[in-house]
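The values are calculated or read from the model by the stated rules, or taken from the named source; none is laboratory data. These numbers were taken from a predicted model, which means no experiment stands behind them. Neighbour counts are summed over all protein chains in view; Cβ atoms, including those assigned to glycine, are modelled from backbone coordinates with ideal geometry.
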């Protein structure tokens, strides 16, 4: 039988299998049908037995097809009992339904022929019993086959219409009436089959749609979970080294996986990385960081966690038996980091400082990390290649820091921070040119708190924005009471400077106070530029375009890069106080100061010297050509009211300065 003919037959039977939806309907028809087949065969058997005992005449003798019907029906019943629970592929369901239809045709036609034979054989009332059993068989078969309308209609039409025609042509009024009623009954049953099948199709379609939506939802959820996992891996991994990043490290120390006694946290900070990165470029710096991460991973076990926190800072969460063993492991890591690197055909060297904290109790690992950070701070203050373990002596620093944090979290605390103003003079004429605004905070319980202590904490607590707005607003209001020739110098937070839109906020604050941007000088440190050079440069450019002066603060304190002087148009360079204070105490102090001043002059940058404490320092700086200066020897930071008085005089006499120095 050709494929096209089979498709035509299947469409006529209402069992196409051209789409997934068609297959779903076929499967539901088949599932419902195979549950009903045993009952359908039971109905046939019951009616066969009724015919056998009530209608079949004695004259038939041994010629009774009942036994053949029973044998055939029994064979089919056994087939369905054996295969009823077996899962059949969608491709075979259509074949089974098609076969069931033809079996229905065969059984019903044979049964109808047998009943019609019995009807014509007897002249008494028993032939009407044959009609009754035929009708009962058709109704029962129709009900049992209702999930497959083609077979159900075949049973009705084959069993009822020939009998109805036989009754009508008999001429007997009773039988004619019975034949007409049988036709009407068949039509009603056919109508009911159509209505029921539509409801069946709607139900199956609804279930199919729900299942499709569920399948799509599960697929979407699976994709979303996979994407979430991928994003999670990316979000918690350092894209350069493949190690965990800060977020991943913090998540790890908060998880139960590492939450057991015998853990240590080490934080390593590279020394000498920044000059390599600035001199040879970011690709070389990236390769160096990549190799550092690889070396650290070889020191610690695969179950330990090595992370790059950012920049040139690494952290390790590792298992250890004791604090001494942990210290030895970190020392070994620092020594391995200090081994020379081969990069681009060049041999390069960096070193590292390490801070360590060992967890020997149920102490929270987050606190252990903070202790390691404190230890790192101490180690960096002691020189390169130093490893320090957190000690009880450092705990006071943590307690004080915690107290400062709690104080800053209190509403209105930033309003308690006051301002002092240190004069900045022209060294040749001793004319007052500016005041540097300095934050001063005296806490009722903690006493005087240095800006070096509380400013970094305000940045971490995200209250630096509120503090800056308050202090800059206060400073601008004070500056309005000075002569217009005197500038306000204000230190910018590294964290805020690397935030988009910061320049606009600074300009808004001073303009709301009524101060012109031309009277503002902002001081930025090298650290701020290193954090996010692109954003910092953008903010400084906007401030400069508005008329504010830009000063590079603490030049010479660390690895100050000449590249910054080239990339950013600074108006002024503020020399770190150590360059001035070491002039007479260190052999190389004077040549170094002279060289730095010559460099700034060559770059076209004006210089401000800090920490001028003696008359000799002042005279030397004037001889070397340094234009501006400030320091306790010239004038201490003063209150807002005192700044107004000093601003009115504008010039400090050199004799008065020398007399003040001798008196001190």
- With respect to residue 604, determine if the residue is assigned to a loop (DSSP other than H, G, I, E, B), surrounded by fewer than 16 Cβ atoms within 10 Å (Cβ to Cβ), in the same structural domain as residue 526 (by TED's automatic domain parsing) and at pLDDT below 90. yes
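Give the residue, chosen from 642, 594, 622, that is assigned to a helix (DSSP H, G or I) and either within 30 Å of residue 477 (Cα to Cα) or in contact with a strand residue (DSSP E or B) (Cβ under 7 Å, 6 or more places away or on another chain) (or both).
Working: 594 fails: either within 30 Å of residue 477 (Cα to Cα) or in contact with a strand residue (DSSP E or B) (Cβ under 7 Å, 6 or more places away or on another chain) (or both); 622 fails: either within 30 Å of residue 477 (Cα to Cα) or in contact with a strand residue (DSSP E or B) (Cβ under 7 Å, 6 or more places away or on another chain) (or both).
The unique qualifying residue is 642.
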Residue set 219, 226; condition modelled with pLDDT of 85 or more and either more than 30 Å from residue 148 (Cβ to Cβ) or outside any helix (DSSP H, G or I) (or both); output residue 219
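So, in segment 520-552, exactly how many residues are closer than 23 Å to residue 632 by Cα and either under 35 Å from the mean Cα position of the chain (by Cα) or at pLDDT below 90 (or both)? It would help to see each step written out before you state the result.
Initially, segment 520-552 is screened for residues closer than 23 Å to residue 632 by Cα, giving 520-525, 551-552.
Next, only the ones that are either under 35 Å from the mean Cα position of the chain (by Cα) or at pLDDT below 90 (or both) stay: 524-525.
Summing the residues that are closer than 23 Å to residue 632 by Cα and either under 35 Å from the mean Cα position of the chain (by Cα) or at pLDDT below 90 (or both) in segment 520-552 gives 2.
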Within segment 444-482, residues part of a strand (DSSP E or B) and surrounded by 15 or more Cβ atoms within 10 Å (Cβ to Cβ) come out as 449
For segment 15-31, pairs from a residue that is closer than 13 Å to residue 212 by Cβ to a residue that is at pLDDT below 75 and not in a helix (DSSP H, G or I), with Cβ under 9 Å and 6 or more apart or across chains, are 23/17
| Out of all the residues in segment 419-438, is one or more surrounded by fewer than 19 Cβ atoms within 10 Å (Cβ to Cβ), in contact with a strand residue (DSSP E or B) (Cβ under 8 Å, 6 or more places away or on another chain) and without any contact (Cβ under 8 Å) to a residue 60 or more places away in the chain? | no
Considering segment 359-385, residues that are under 12 Å from residue 264 (Cα atoms) and in contact with a strand residue (DSSP E or B) (Cβ under 7 Å, 6 or more places away or on another chain), and then whichever is modelled with the highest pLDDT, we arrive at 372
>> When you check residue 207 against the structure, is it loosely packed, with under 12 Cβ neighbours inside 10 Å and either within 30 Å of residue 307 (Cβ to Cβ) or assigned by TED's automatic domain parsing to the domain that holds residue 149 (or both), yes or no?
In response: no
